[in-house]
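Peer 1: Shown below is the structure under consideration.
The values are calculated or read from the model by the stated rules, or taken from the named source; none is laboratory data. Keep in mind it's a predicted model, so treat the numbers as computed, not measured. Cβ atoms come from the backbone with ideal geometry, glycine included; neighbour counts cover every protein chain shown.
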Amino acid sequence: MSAIRDVHERIVEAPADVVGALLDRIAGADDPLFPTPAWGPMRLDRPLGVGAGGGHGSVRYAVTEYEPGRRVRFGGTPPLVGFHQLTVEPRGEACLVRHELAVEVGGWERLLWAVAVMPVHRTMVEEIFDNAERAATGSCARPVRWSRWVRLLNRLTWDRTETVETPSSARLIAAAIESPGYADAYRMELRPGMPREPAAWTGILRDAFPVLAEEDGELLLAVDTAGLTARASILVDERYVTLSTVVRADSLRGRLYWGVVRRGHPVMAKAMLRRTHRRLALAVASAGERAGSVAGRAVSANGPRNGPGQ
């Protein structure tokens, strides 16, 4: 086994109490720091505090130390040996944000760290700092840029689709075709900040098919072709986006055509859903920008905090 230590620091031009309040919201429903939806969110099994367990992606850990507004340390769970922690230290009217990682790895794990884990880890830590700047000051002077290798790793490790039954809440597609000969459904979990409006997801089908109806978070599209009566549904709820399809062959030509394309249909449907999921995730505002915009709306609604007479 060998030890790996990785430390990142940044001065944020905002008081430690302001940035510390952001730290206290990490892994929460309104987490302003963790770089999601570009990366999978950090989730804990209870509110931030000693004993809370969880992680992000395949990385598992638990909170071992917590000083509200100043420091949180996560200890690795087997087989991960080590810790990582975030701290906020006052520096006059600014503050120092620091992330420290110390783990022990051996054998092939060290190669995996060097090739894949380290580039992603370092990028994500800098994005956490970017979000701290954005949420606390309203801007980020030098945001981190993804290398081509990090972009490729992000693409390769993106969430996979899940094959499911057509949701009971997808009522439009359930009533769309009488006696369909084929039906399938695939879904992906929504990450924080991703759009919840079904219309935003029509790119799954390249916006090429007419929308027949919209109801309760579901869009029904006509995808008729080559002797087939076919409908597709895009359903967005609080947790998932689901792509469902029903098909009926209306002629010999349609049956022959469907016999050829049926084998490739699931592969294409899952690929289109996954591609659109990633594209939308990378297009939305960062966690820090979302937090900053909420804060800005609150200030606007309540009046300027530093206006005349204050």
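Peer 1: Which residue pairs have Cβ atoms under 9 Å apart, sit 6 or more places apart or on different chains, and have a first residue in the range 86-97 that is assigned by TED's automatic domain parsing to the domain that holds VAL18 and a second that is in a strand (DSSP E or B) and among the acidic types (Asp, Glu)?
Peer 2: Pairs that qualify, where the first residue is assigned by TED's automatic domain parsing to the domain that holds VAL18 and the partner is in a strand (DSSP E or B) and among the acidic types (Asp, Glu), are LEU86/GLU100; THR87/GLU67; THR87/GLU100; CYS95/GLU89; LEU96/GLU9; LEU96/GLU89; VAL97/GLU9; VAL97/GLU89.
Peer 1: Just for the range 257-286: of the residues that are loosely packed, with under 12 Cβ neighbours inside 10 Å and not aliphatic (A, V, I, L, M), which one is nearest to PRO198 (Cα to Cα)?
Peer 2: ARG279
Peer 1: Looking only at residues in the range 168-194 that are under 29 Å from HIS56 (Cα atoms) and charged (D, E, K, R), which one is surrounded by the fewest Cβ atoms within 10 Å (Cβ to Cβ)?
Peer 2: Restricting attention to the range 168-194, the residues satisfying the condition of being under 29 Å from HIS56 (Cα atoms) are 185-194.
Checking the rest, the ones that are also charged (D, E, K, R) come to 187, 189, 191.
Numbers: ARG187: 20, GLU189: 13, ARG191: 17.
Checked the range 168-194; the qualifying residue surrounded by the fewest Cβ atoms within 10 Å (Cβ to Cβ) is GLU189.
Peer 1: Right, another one. Every residue in the range 209-226 that is of a type in the set (D, E, K, R) and outside any loop (DSSP other than H, G, I, E, B), please.
Peer 2: Taking the range 209-226 first, the residues of a type in the set (D, E, K, R) are 214-216, 218, 224.
Selection gives GLU214, GLU215, GLU218.
Peer 1: Among the listed residues GLY296, GLY254, which satisfies the condition of being small (Gly, Ala, Ser), at pLDDT below 95 and either surrounded by fewer than 17 Cβ atoms within 10 Å (Cβ to Cβ) or under 28 Å from PRO35 (Cα atoms) (or both)?
Peer 2: Details: GLY254 fails: either surrounded by fewer than 17 Cβ atoms within 10 Å (Cβ to Cβ) or under 28 Å from PRO35 (Cα atoms) (or both).
Every option except GLY296 fails the conditions.
Peer 1: Next up: If you go through the range 195-220, how many residues are closer than 13 Å to ARG171 by Cα and buried (at least 18 other Cβ atoms within 10 Å of the Cβ)?
Peer 2: Matching residues across the range 195-220 total 3.
Peer 1: Every residue in the range 1-47 that is assigned to a loop (DSSP other than H, G, I, E, B), over 18 Å from VAL125 (Cα atoms), of a type in the set (Gly, Ala, Ser) and at pLDDT 95 or above, please.
Peer 2: ALA14
Peer 1: So, one more: Would you check which residues across the range 1-45 are among the basic types (Lys, Arg) and touching a Gly at 6+ places or on another chain (Cβ under 8 Å) and list them? Walk me through it before giving the result.
Peer 2: Here is the first cut: in the range 1-45, the ones among the basic types (Lys, Arg) are 5, 10, 25, 43.
Hit for the range 1-45 is ARG43, nothing else.
Peer 1: Name the residue that is nearest to the chain's Cα centre (by Cα), counting only residues in the range 40-66 that are closer than 25 Å to LEU190 by Cβ and hydroxyl-bearing (Ser, Thr, Tyr).
Peer 2: Ranking the candidates gives SER58 first.
Peer 1: Here's a follow-up. Among the residues of the range 152-160, are any surrounded by fewer than 13 Cβ atoms within 10 Å (Cβ to Cβ), more than 19 Å from the chain's Cα centre (by Cα) and either outside the structural domain of VAL12 (by TED's automatic domain parsing) or farther than 22 Å from ASP31 by Cβ (or both)?
Peer 2: No: the range 152-160 contains no residue that is surrounded by fewer than 13 Cβ atoms within 10 Å (Cβ to Cβ), more than 19 Å from the chain's Cα centre (by Cα) and either outside the structural domain of VAL12 (by TED's automatic domain parsing) or farther than 22 Å from ASP31 by Cβ (or both).
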